[in-house]
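Novice: This is the structure, below, for whatever I ask next.
The values are calculated or read from the model by the stated rules, or taken from the named source; none is laboratory data. From a predicted model like this one, the values you see are computed outputs, not experimental measurements. A quick note on method: Cβ atoms are made from the backbone with ideal geometry, for glycine too, and the neighbour counts reach across all protein chains shown. Please note that ligands, DNA and RNA were not included when accessible areas were found on the heavy atoms of the full protein model with its side chains. Shrake-Rupley method; radii C 1.70, N 1.55, O 1.52, S 1.80 Å.
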Amino acid sequence: MIAGSRRSAASRAPGAAWVLSLCLGVALLLAPAVSSAAPAIGLPVASQVPGGVALLPLAALAQDGAGAPTVRYAGQRVMLLQRADQWLIVLGIALDAAPGDAAVAIRRAGAPADEALSFRIGPKEYQVQRLTVAPSKVDLSKKDLERVEREQEHLHQALASFVDQPPATLQLLAPVDGMRSSSFGSRRIFNGQARNPHSGMDIAAALGTPVHAAAGGRVIDTGDYFFNGNTVLIDHGQGLITMYCHLSAILVHAGQQVAAGALIGKVGASGRVTGPHLHFGVALNRVFVDPALFLPSSVATPYVASPDVASPSPP
C-alpha cells in the first residue's frame, strides 16, 4: 500500500509490509492434531510458507485456567484460540520471512520465563510480473515521497491494533465478486526496477460495485492515501485486520462496528492504479498474508493483467 524509497516506498518496506503485498505450495496442514484442537470457528488453510499462515497446536497446562498464555512472534502478539484441552496458535508469516526453522515465544500465566515452540517455514516461489508504465507512476517527487512516508507510519500504527476478543470466524466472505487480476506475493518489476511483492489480492470489478465487510469487526481507519486511494481497515480481533483499497466511496467511519457482509464502500480507481478494482488485504500479527487462505476457493479466477500500478504497502 504505502510505498517508500526514492524509487518507491515499495522498494524498501519491511516484510510486515504495507507495500508488500495463493500460498498453495508447501502447505503443511497440521493433520489430526489441528483437527481435534481446532476451535468451533472456521480456520484458514494452513500454509507454512512466506506470506502464509501457520496453525500450531499448544498443549494446555492445568494452570492455564488462571489465564491464557501470551504468544509472540518477531516481537508481535499472535492470535491464540482455545478449545477444551488445548490452544491453537494462528500465526501470520511475513512475505520476506526466510525459509527454515523458526519459533514463537510463549509466556504462561505465572511462569518465570518464556518457552519456545518451534516450527518450520517452507520455501515458496511467487509469480514475477514485468510491467512498463509512465515513470511518473513509480518515481516519486520529494513532496509525494514525504506524504507516502507519513501515511505509511500512520497505517503501520493502525495495523498494530490488537484486541483480546477473538474473531467470530477466520473464514472470510468475498468482499466483492470478480476475477483476481494479480496474485498475492507476485514480484513486480516496473520499468526494469524491482519493487516489493504485492501484499494483497486484486479483484477486478466495475466502478461503483458494492464492497462488503469480509467479517464482523470495528472500523479502525479510513482515509485517502497516495498509493491506496480511499481505504478502509477493519479490526476483527486478535490481530486479524482486513483492508479494502482504491474505493470510489467510503460508507463507514472509524470506530463504527460492522457486521459480516455489511456495505462499507464501492469499487473505484482511487490512488495509484490504472483501472477500477478492489485491493483486498488480510493482515495477521502485523504482516500481510495471502487472502486466498481465508476465502472460499471459488472467490476469484486468476487473471493476467493487473490494474494496480503500485500495490499497497503494509507496515
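Novice: Could you say whether any residue in segment 252-267 is under 30 Å from PRO69 (Cβ atoms), not in a loop (DSSP other than H, G, I, E, B) and not charged (D, E, K, R)?
Specialist: Scanning segment 252-267 turns up at least one residue that is under 30 Å from PRO69 (Cβ atoms), not in a loop (DSSP other than H, G, I, E, B) and not charged (D, E, K, R).
Novice: Would it be correct to say that ARG72 is of a type in the set (Lys, Arg), within 26 Å of the chain's Cα centre (by Cα) and farther than 29 Å from GLY223 by Cα?
Specialist: yes
Novice: Among the residues of segment 110-146, what is the count of those that are open to solvent by less than 80 Å² (accessible area, probe 1.4 Å), farther than 17 Å from ARG187 by Cα and either touching a Phe, Trp or Tyr at 6+ places or on another chain (Cβ under 7 Å) or part of a loop (DSSP other than H, G, I, E, B) (or both)?
Specialist: 8
Novice: While we're here: Identify, from the list GLN171, GLN157, GLN165, the residue that is in a helix (DSSP H, G or I), open to solvent by 10 Å² or more (accessible area, probe 1.4 Å) and either in contact with a helix residue (DSSP H, G or I) (Cβ under 9 Å, 6 or more places away or on another chain) or within 29 Å of LEU263 (Cβ to Cβ) (or both).
Specialist: Exactly one residue qualifies, and that residue is GLN157.
Novice: Looking only at residues in segment 70-109 that are assigned to a loop (DSSP other than H, G, I, E, B), hydrophobic (A, V, I, L, M, F, W, C) and under 18 Å from ILE241 (Cβ atoms), which one is most open to solvent (accessible area, probe 1.4 Å)?
Specialist: ALA74
Novice: Hey, another quick one. I'm told ALA105 meets every condition in (1) under 20 Å from the mean Cα position of the chain (by Cα); (2) closer than 30 Å to GLY216 by Cα except one. Can you identify the failing condition by its number?
Specialist: Only one criterion is unmet by ALA105, namely (1).
Novice: Return the pair list, or none, for Cβ contacts closer than 6 Å from residues in segment 158-171 that are at negative phi and of a type in the set (Phe, Trp, Tyr) to residues that are open to solvent by less than 50 Å² (accessible area, probe 1.4 Å) and in a loop (DSSP other than H, G, I, E, B), at least 6 apart or on different chains.
Specialist: Matching pairs, first to second residue: PHE162/GLY239.
Novice: May I ask you to list the residues in segment 271-292 that are part of a loop (DSSP other than H, G, I, E, B) and crowded, with 20+ Cβ neighbours inside 10 Å?
Specialist: GLY271, ARG272, PRO276, ASN285, ARG286, ASP290 - these are the residues of segment 271-292 that are part of a loop (DSSP other than H, G, I, E, B) and crowded, with 20+ Cβ neighbours inside 10 Å.
Novice: Let me confirm something: among THR274, THR209, which residue is polar (S, T, N, Q) and under 26 Å from LEU95 (Cα atoms)?
Specialist: Just a single option satisfies the conditions, and that option is THR274.
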